[in-house]
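J.: Would you mind keeping the following structure in view while I ask a few things?
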Amino acid sequence: IAVLGDMLEMGSFSEQAHRMVGEYAAQCGVDILYTVGEESKYMADSGLKSGISKVQNFTDKAELAEILMNELQDGDTIIFKASRAMKLEEIFESIYKQILNNHTLAVIFFLVIFKVMIYLIIMHLFAS
């Protein structure tokens, strides 16, 4: 599951960049693509056209968190990525609060946190 939000630094390249990310997500084998934000609608559109079967764009992060919580299954991996200003951690925090009562999902969630942290470290190393 990929939860991807607006890349706010793209300027006039924004639509094209968001479409490219949607296409790339499909090439990477993403099964479910949830996007957050106005510009991310282009990501959702290109992801759907590129073969991702389940795609939805959200403007309400609370709604997305609720849908994620209802759909998470054992073995799911979620990646969250967007511009910092999109505050995707609000989705993360909402899910975390809900899964504290479900130990199986808690294990999955902490594994996802670990994977995201490793991804962020790798991205930081390449950006340096």
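J.: Taking the condition closer than 22 Å to TYR96 by Cα, open to solvent by less than 70 Å² (accessible area, probe 1.4 Å) and either of a type outside the set (Gly, Ala, Ser) or in a helix (DSSP H, G or I) (or both), does ALA65 pass? Talk me through it step by step, then tell me what you get.
T.: Numbers: closer than 22 Å to TYR96 by Cα: yes; open to solvent by less than 70 Å² (accessible area, probe 1.4 Å): yes; either of a type outside the set (Gly, Ala, Ser) or in a helix (DSSP H, G or I) (or both): yes.
Considered against the rule, which asks whether it is closer than 22 Å to TYR96 by Cα, open to solvent by less than 70 Å² (accessible area, probe 1.4 Å) and either of a type outside the set (Gly, Ala, Ser) or in a helix (DSSP H, G or I) (or both), ALA65 comes out as yes.
J.: When you scan the stretch 74-83, how many residues do you find that are open to solvent by 80 Å² or more (accessible area, probe 1.4 Å) and at pLDDT 85 or above? Give the steps one after another, and end with the answer.
T.: Filtering the stretch 74-83 down to residues open to solvent by 80 Å² or more (accessible area, probe 1.4 Å) leaves 74, 81.
Then keep just the ones that are at pLDDT 85 or above; that gives 81.
So the count comes out to 1.
J.: Anything in the stretch 29-46 that is open to solvent by 30 Å² or more (accessible area, probe 1.4 Å) and either among the aliphatic types (A, V, I, L, M) or in contact (Cβ under 8 Å) with a residue 24 or more places away in the chain (or both)? List them, or say none.
T.: The first filter runs over the stretch 29-46 and keeps only residues open to solvent by 30 Å² or more (accessible area, probe 1.4 Å), leaving 29-32, 38-39, 41-42, 45.
VAL30, ASP31, ILE32, GLU38, GLU39, TYR42, ASP45 - these are the residues of the stretch 29-46 that are open to solvent by 30 Å² or more (accessible area, probe 1.4 Å) and either among the aliphatic types (A, V, I, L, M) or in contact (Cβ under 8 Å) with a residue 24 or more places away in the chain (or both).
J.: Taking ASP60 as the residue in question, decide whether it is of a type outside the set (Lys, Arg), surrounded by fewer than 23 Cβ atoms within 10 Å (Cβ to Cβ) and in contact with a Ser or Thr (Cβ under 6 Å, 6 or more places away or on another chain). Quick ask: steps written out before the conclusion?
T.: Numbers: of a type outside the set (Lys, Arg): yes; surrounded by fewer than 23 Cβ atoms within 10 Å (Cβ to Cβ): yes; in contact with a Ser or Thr (Cβ under 6 Å, 6 or more places away or on another chain): no.
Against the criterion (of a type outside the set (Lys, Arg), surrounded by fewer than 23 Cβ atoms within 10 Å (Cβ to Cβ) and in contact with a Ser or Thr (Cβ under 6 Å, 6 or more places away or on another chain)), ASP60 does not qualify.
J.: Just a yes or no: is a residue in the stretch 10-25 under 13 Å from ALA82 (Cα atoms), assigned to a loop (DSSP other than H, G, I, E, B) and in contact (Cβ under 8 Å) with a residue 24 or more places away in the chain?
T.: Yes, some residue in the stretch 10-25 is under 13 Å from ALA82 (Cα atoms), assigned to a loop (DSSP other than H, G, I, E, B) and in contact (Cβ under 8 Å) with a residue 24 or more places away in the chain.
J.: Can you find a residue in the stretch 91-114 that is buried (at least 19 other Cβ atoms within 10 Å of the Cβ) and at pLDDT 85 or above?
T.: The answer is yes, given that some residue of the stretch 91-114 is buried (at least 19 other Cβ atoms within 10 Å of the Cβ) and at pLDDT 85 or above.
J.: Let me ask something else. Condition test on LYS54, is it modelled with pLDDT of 95 or more and either open to solvent by 20 Å² or more (accessible area, probe 1.4 Å) or in contact with an Asp or Glu (Cβ under 9 Å, 6 or more places away or on another chain) (or both)?
T.: Numbers: modelled with pLDDT of 95 or more: yes; either open to solvent by 20 Å² or more (accessible area, probe 1.4 Å) or in contact with an Asp or Glu (Cβ under 9 Å, 6 or more places away or on another chain) (or both): yes.
When the stated conditions are applied, LYS54 passes them.
The values are calculated or read from the model by the stated rules, or taken from the named source; none is laboratory data. Just so you know, these numbers come straight off a predicted model, no measurement behind them. A quick note on method: Cβ atoms are made from the backbone with ideal geometry, for glycine too, and the neighbour counts reach across all protein chains shown. Heavy atoms of the whole protein, side chains included, go into the accessibility calculation; ligands, DNA and RNA do not. Shrake-Rupley method; radii C 1.70, N 1.55, O 1.52, S 1.80 Å.
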